[in-house]
Structure formats: C-alpha cells, structure tokens
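To keep things clear, I will list the structure first and then write my remarks on it.
The values are calculated or read from the model by the stated rules, or taken from the named source; none is laboratory data. Quantities reported herein were computed from a predicted structural model and do not represent experimental measurements. Virtual Cβ from ideal backbone geometry, glycine too; neighbours counted across all protein chains shown. For the accessible areas, the whole protein counts, side chains as well, though only heavy atoms, and no ligand, DNA or RNA atoms are used. Shrake-Rupley method; radii C 1.70, N 1.55, O 1.52, S 1.80 Å.
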Amino acid sequence: MQPTRLAWLALALVVSWSSVGRCSTVIHAGRMIDGRSEEPLLQVTIVVDEGKITSITRGYVEPKPGDTLLKLTEHTVMPGLMDMHTHLQSQHSKDSYTERFFMEQADYALRSTVYARVTLLAGFTTVRDLGDNGVNSVALRKAIDQGWVPGPRIFTSGKSLATTGGHADPTNALRGDNRRDAGPLEGVINGPDEARKAVRQRYKDGADLIKLTATGGILSMAASGQNPQFTEEELKAVVTTARDYNMTVAVHAHGTEGIRRAVVAGVDSIEHGTFMTDEVIQLMKETGTYWVPTNMAGEWVAEKSKEPGYFPEIVRPKAAAIGPAIKETFIRAHKAGVKIAFGTDSGVSPHGQNSREFELMVAGGMSPMKAIQSATLEAARLLKIEQRLGTLEAQKVADIVAVKGNPLENIRLMKEVDFVMKDGVVYKKP
Ligand SMILES: [Zn+2]
C-alpha cells in the first residue's frame, strides 16, 4: 500500500472511531427551567457533549452504550446561576480594615480560591467580580480558566475607579504620611483625561469591564455614603473610552444624583441604587439600564450595624441608615418594571450564601421564575454573552445546576443546589 493511502486509511479510522466512541452525558431532568420560558418543562432529556448541550428532548431518552446517565428525576434543572456583583478577593470581617497592612498579594490570591470554590458549589457558574486590589481577580480568573482551581467563570473589573477621597480611593483615612495622592494607576481619577487613562490602565491590567463608584459607599472610611463623586464629564469620558475597548461599565451608586448622572452618561448597570427616585427609575427604563439591587448587602450591613464595635464609628451610622432602605426601593423599582439582574455583593456577606438574594427578591414582590431568570438570561444579557450562556438550549455551553424539589413553590430550595456542571464538567453530584 502507498504511504499516502495508508495515511488516509489511518485518518478514516481515527474519524470513525471518534464518532462511534464519543461518549455523552445524558441528564434525565424531572423539571427543567430553561431561563427563557415562563413555565417549566416536565420530564426532559438533556444531552451534553464536549462542554456543550447538543440536544434537549421531551421524555426520558435511553442513553447509548458508553454514555453517562445522570438521573435528576426528582430535581429541578436550570442554567448555571450568575451573580453580577461579587468580590472574590475578600470576605468582610472585623479585621477587614487592618488586614491590608499585613496580607501579601499571594495571601489574597490563595484565599480567594476558597471563595471561588464555595461560590461554584453554591451553583454560581459565572460571576462578575466588581473591585479588588488591582491584580487578584485577573490571576484568579486565569487559575480557574486553566483548571488549576475550581471556580466560576469570572468577568472582572479589576480595581474600581474612584475620585480623590471617593468610595474606592485606597488611601482613605490612612495616617497623613501614608495618605499619598493616588492616581489613575490605582484607579483614582480627577477630570476626563485621568478617567480615560484609568480605563486604559484597566484594559492593560486584563480587566473585562469597568467598575466605578459614582457616589459614596457604606464600608469606606469616609463620611458620606451617598454624595455624587464623579462629574458628568468624568462619567462620559469613562463610558466612551470603555466602549473603545468593548467594555461595559458597572456603577456603584446609592444617592439619587450620582445614579442620575451615571444613567445619563450611558452606563450599563447601576449597583445598589438604594435611593432611586421614581423619576430615575423612569429614566432607567427609557435608557434600558440594568439595576443590580444587592438586597443581601443592605440586609447584612444593617444587621452588623447593631453589633457594638463591629464597624468603625465612621461606617456604622451609614450602614444603619442606608442598608435597610434597599427593601422599599426593591418593591417600588420592581413594580415599576426596571430591568433587574441578580447580584449579591458577596464578599460583604459570606461567599457561597449567594442564593439568599432569591428569597429577598421574592419577598420584595418578584415571582420565583423572574428571580431565577434575573440570575440566568438577564444576567447573560447584561454581560452580553446570551448567545452562548444563560439558557438551556441546544448549542449553548453546558452550565447546568439543579436543586431537589420545586423552587418555584419554595424559593428557599435555591440555597440547596446539589448538582453543578460547568463547561460540561460535573463539580457536584447529589
Ligand atoms: Zn460591591
């Protein structure tokens, strides 16, 4: 036989062997929420091949020889959950204000792998990471993508942008000789030119999107939790530069004026939005701006503000006053029909408890189905990845999670995710 014919025969054998021998994962789902439909489907077979969903069929289809069958017939199966507001680098404690003087970057990085793991095992296969010390979440994203550690798919902003003395100025309240004049490299800007430079620096750092703090915040060592901290020109400069690099912009904001300016500048999402007026809600509906409510963060800081000595005295009154206000805002803004994407601010509250947010959303008037959609299709839309993630449909990436029972009847079940698949790989099985 001629060498070329031999090569062709060998190739043909390899091709036929791989198509015959390819093993699929077959899931029998008792109930399926696909992320898009208003009603769940009952008794469905989902076939997963090489990290993708290849088919979804009514009824329980028998697997082919060699396939792996996963029986989730008493479960509700749904798309991998997405949390649009996390901080995987840290988890708030009494020591948070001092640990930054003692922890090395490597300490942060290693500890964040623990938080990434519990987040994934809680059913969150994708997160936005909205603010770290500048390098940690990028390294964590790489470690997860390389398969070095288990964790969710990360879209990170890197270091948040702030103005001098603003919510994300890393030098706030330091002793005079340590209180340097931070600049765009550290994410602190004053004026449109520095705003543009800070965005470009995040691109250079490897960030996926931009986060900025348009108003004061609760946990920073500064007096106001809600005053506007960016000018309209600065916001506009951030947004237009971010677009040059195909980045979206997420904006931390509690006070009305800061929210209004950010929405007018064309940002993609408002985080917290605690003091949104009806007028601002209307504006957000017109511009299609997403709201990421983070009810959990409000609940957590309000609770901790009652614990004597937990917060520094400059933080405590802000936590007590701003935290509880989110409840009423959620009821009002949800009723008004603003676009909502799921987010928890985990890292303020402990990682892995993200699904508490579902309970708070449902308590605020949202249907369980809409709450789940806010953490699947709506979140994917905010990330602009809805072509490949956010729903259970043929050709989508196989990010699939499940809970036993019916979360549409009892939303608390979302806290008991006991099946997690990401990119077709099973991380947790009942
Ligand atoms: Zn946050």
**OP:** Could you run through the range 220-269 and say how many residues are open to solvent by 60 Å² or more (accessible area, probe 1.4 Å) and in a helix (DSSP H, G or I)?
**Re:** 9
Original post:
Of (1) on the phi < 0 side of the Ramachandran plot; (2) within 16 Å of the ligand (Cβ to nearest atom); (3) open to solvent by less than 10 Å² (accessible area, probe 1.4 Å), THR294 satisfies all except one. Which?
Top reply: (1)
**OP:** Taking only the range 30-79 into account, find how many residues are touching a Phe, Trp or Tyr at 6+ places or on another chain (Cβ under 8 Å) and open to solvent by 90 Å² or more (accessible area, probe 1.4 Å).
**Re:** 1
Original post:
Restricting attention to the range 338-370, and to residues there that are crowded, with 24+ Cβ neighbours inside 10 Å and among the small types (Gly, Ala, Ser), which single residue is nearest to the ligand (Cβ to nearest atom)?
Top reply: GLY347
**OP:** Could you check how many residues of the range 128-139 are modelled with pLDDT of 95 or more and away from the ligand (no atom under 16 Å from the Cβ)?
**Re:** 2
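Could you say whether any residue in the range 144-152 is free of Cβ contacts under 8 Å to residues at least 24 places away in the same chain, assigned to a helix (DSSP H, G or I) and away from the ligand (no atom under 16 Å from the Cβ)?
Looking for residues that are free of Cβ contacts under 8 Å to residues at least 24 places away in the same chain, assigned to a helix (DSSP H, G or I) and away from the ligand (no atom under 16 Å from the Cβ), one finds at least one in the range 144-152, hence yes.
Specify which of the listed residues (GLY158, GLY134) is under 15 Å from the mean Cα position of the chain (by Cα), on the phi > 0 side of the Ramachandran plot and assigned to a loop (DSSP other than H, G, I, E, B).
Just a single option satisfies the conditions, and that option is GLY158.
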Subject >> Residue selected from the range 109-122 under the condition within 16 Å of the ligand (Cβ to nearest atom) and open to solvent by less than 10 Å² (accessible area, probe 1.4 Å), by the criterion farthest from ILE385 (Cα to Cα) >> reply: SER112
Original post:
Among the residues of the range 123-138, is any among the aromatic types (Phe, Trp, Tyr) and touching a strand residue (DSSP E or B) at 6+ places or on another chain (Cβ under 8 Å)?
Top reply: yes
Original post:
Does ASP399 count as surrounded by 24 or more Cβ atoms within 10 Å (Cβ to Cβ), modelled with pLDDT of 95 or more, of a type in the set (Asp, Glu) and within 16 Å of the ligand (Cβ to nearest atom)?
Top reply: no
**OP:** Out of THR125, THR171, THR215, THR156, report the one residue that is farther than 17 Å from MET247 by Cβ, within 16 Å of the ligand (Cβ to nearest atom) and open to solvent by less than 10 Å² (accessible area, probe 1.4 Å).
**Re:** THR215
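Could you list, in sequence order, all residues of the range 82-127 that are basic (Lys, Arg) and either part of a loop (DSSP other than H, G, I, E, B) or within 13 Å of the chain's Cα centre (by Cα) (or both)?
If the condition is that a residue be basic (Lys, Arg) and either part of a loop (DSSP other than H, G, I, E, B) or within 13 Å of the chain's Cα centre (by Cα) (or both), then LYS94, ARG100 are the ones that fit.
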Original post:
In the range 262-273, is there at least one residue being within 15 Å of the ligand (Cβ to nearest atom) and acidic (Asp, Glu)?
Top reply: yes
Original post:
SER93 fails exactly one of the following numbered conditions: (1) over 27 Å from GLY424 (Cβ atoms); (2) surrounded by 14 or more Cβ atoms within 10 Å (Cβ to Cβ); (3) hydroxyl-bearing (Ser, Thr, Tyr). What is the number of that condition?
Top reply: (2)
